[in-house]
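What follows is a short report on a single structure.
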Amino acid sequence: AGLRIGLYVPVRDMITGPLAEGQFPTLIQKIETAMITGTIAITVANPTDLVKIKMQAQGAGKLQGIPPKYSGSIDCYGKIIKEGGVKNLWTGWGPNVMRNSIINAAELASYDQYKQTVLESKLLKDGIPCHLLCATMAGFTACCVGSPVDVLKTRIMNATPGQYGGPLDVVYQIVKNEGFGAFYKGFVPNVARLAGWNCVMFLTLEQVKKRFS
């Protein structure tokens, strides 16, 4: 989050170049910026995300009586490296980049765009109610756009070797066996999670920016 959010404005300014007063970046430029920073962030964080996914799967397995494979997070890192070398920590990197860049674009670019629209329409002033409204809408947007790639990423990271022939095979198997609705399992709690996270994150970010400027 520090990378994908913290780099957003500097990268956006690099893409747009100097803007005249009252001029805003285009939506395409905002989406492009968020996809770049999302890619950078998840490339750094992929090993941690992989371990998190595997430990969560192990926790679910315990409830079904499946013996734990890892004694803890450090042991999980060690066994991942032992099974395929350090590069194994970047298992699922492609789908993870797709997922993180898309969700980051849906989250940051949409918040940026919603805020611009609300302020231009004079619906609200630039303050806490505006930030909370735009953050909630950004969370809903990110969930609508990102849920399918989130499911895809999780399935690939939890897959056993040879279980799938690639991302397209994962999509085919999910649709064939579970239907298209499987890509939106847990949609309501996911919206609540993302909207809540966005409200805290964007409200904090706006206050920090205000304090430092």
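The values are calculated or read from the model by the stated rules, or taken from the named source; none is laboratory data. Just so we're clear, the structure is a prediction, and the values are computed from it rather than from any experiment. Note: ideal-geometry Cβ built from the backbone for every residue, glycine included; neighbour counts use all protein chains shown. Surface areas here come from the heavy atoms of the whole protein model, side chains and all, with no ligands, DNA or RNA. Shrake-Rupley method; radii C 1.70, N 1.55, O 1.52, S 1.80 Å.
Numbers below:
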{"quantity": "Segment 96-122 residues that are on the phi < 0 side of the Ramachandran plot, paired with ones that are not in a helix (DSSP H, G or I) (beta carbon under 7 Å, 6 or more apart)", "calculated": "Gln116/Phe24; Val118/Leu124; Leu119/Asp126"}
{"quantity": "Residue within segment 143-155 that is in contact (Cβ under 8 Å) with a residue 60 or more places away in the chain and open to solvent by 30 Å² or more (accessible area, probe 1.4 Å) present", "calculated": "yes"}
{"quantity": "Candidate set from segment 166-213 (those that are more than 19 Å from Gly146 (Cα to Cα) and in contact with a His (Cβ under 6 Å, 6 or more places away or on another chain)); member that is surrounded by the fewest Cβ atoms within 10 Å (Cβ to Cβ)", "calculated": "Leu203"}
{"quantity": "Cβ pairs under 9 Å, 6+ apart, first in segment 50-72 and closer than 19 Å to Asp150 by Cβ, second open to solvent by less than 90 Å² (accessible area, probe 1.4 Å) and small (Gly, Ala, Ser)", "calculated": "Leu50/Gly92; Val51/Ser73; Lys52/Ser73; Ile53/Gly92; Met55/Gly72; Met55/Ser73"}
{"quantity": "Every residue from segment 69-92 that is in a loop (DSSP other than H, G, I, E, B), open to solvent by 40 Å² or more (accessible area, probe 1.4 Å) and of a type in the set (Ser, Thr, Tyr)", "calculated": "Ser71, Thr91"}
{"quantity": "Residues of segment 79-92 satisfying the condition of being without any contact (Cβ under 8 Å) to a residue 60 or more places away in the chain and either touching a Cys at 6+ places or on another chain (Cβ under 6 Å) or within 17 Å of Gln163 (Cα to Cα) (or both)", "calculated": "Glu83, Gly84, Asn88"}
{"quantity": "Residues that are open to solvent by 50 Å² or more (accessible area, probe 1.4 Å) and of a type in the set (Gly, Ala, Ser), drawn from segment 7-22", "calculated": "Ala20, Gly22"}
{"quantity": "Yes/no for Pro25 being surrounded by 14 or more Cβ atoms within 10 Å (Cβ to Cβ), modelled with pLDDT of 90 or more and part of a loop (DSSP other than H, G, I, E, B)", "calculated": "yes"}
{"quantity": "Per-region count, segment 127-142, residues without any contact (Cβ under 8 Å) to a residue 24 or more places away in the chain and assigned to a helix (DSSP H, G or I)", "calculated": "3"}
{"quantity": "Conditions (1) closer than 23 Å to Met157 by Cα; (2) modelled with pLDDT of 95 or more; number of the one not met by Arg99", "calculated": "(2)"}
{"quantity": "Flag for Thr117 being of a type in the set (Ser, Thr, Tyr), assigned to a helix (DSSP H, G or I) and surrounded by fewer than 19 Cβ atoms within 10 Å (Cβ to Cβ)", "calculated": "yes"}
{"quantity": "Checking Ile66 against (1) in a helix (DSSP H, G or I); (2) of a type in the set (Val, Ile, Thr); (3) surrounded by fewer than 15 Cβ atoms within 10 Å (Cβ to Cβ), the condition it does not meet", "calculated": "(1)"}
